[in-house]
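Report on one structure; see the data block that follows.
None of the figures in this text is laboratory data; all of them are computed from the coordinates on show. Because the structure is a prediction, the values reported are computed rather than measured. For neighbour counting, all protein chains shown are included, and Cβ atoms are generated from backbone atoms with ideal geometry for every residue, glycine included.
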Amino acid sequence: MNASPTTPSVTEAAQDKVMKHTCDHHAQCMKVIQAILDDEATDAEKEHFRVNMDKCIPCIESYRLEKCIKDSLNQKIAKKPCPESILNTILSKINS
């Protein structure tokens, strides 16, 4: 799989380190991965994740998989505007 220019990658210095094969906080990492992919992560979360990716194989693999899925879905889904009549119906039901 080819990494995009925005994909965090393992640095050369990190390649010399011992990589973790298990992640003790994978659920938290997945939340940060989703926030990063949705452009909702804070700078602190992004930096923490970059540091973590330098040593955690499961997080690297999860990030790449989630990014691939998101990119594939974005290419397949046709974005169409909602018809005005449907929008008005939804808004009226919300406001009532």
Query raised in the report: Given R₀ = 41 Å, FRET efficiency for Q75-N95 by Cβ-Cβ distance, to 0.05?
Result: 0.70
**Report entry** Cleavage-rule hits (trypsin sites (Lys or Arg not before Pro)) in region 31-87: DSSP loop, at most 16 neighbouring Cβ within 10 angstrom
**Finding:** K55, K79
Report summary line: From the cross-link list K46/K80; K55/K79; K31/K76; K20/K79; K46/K70; K20/K46, the entries with a Cα-Cα span beyond 28 Å are K46/K80; K55/K79; K20/K79
**Report entry** Alpha carbon Rg of region 12-95, scaled by the compact-globule rule 2.2 N^0.38 Å
**Finding:** 1.58
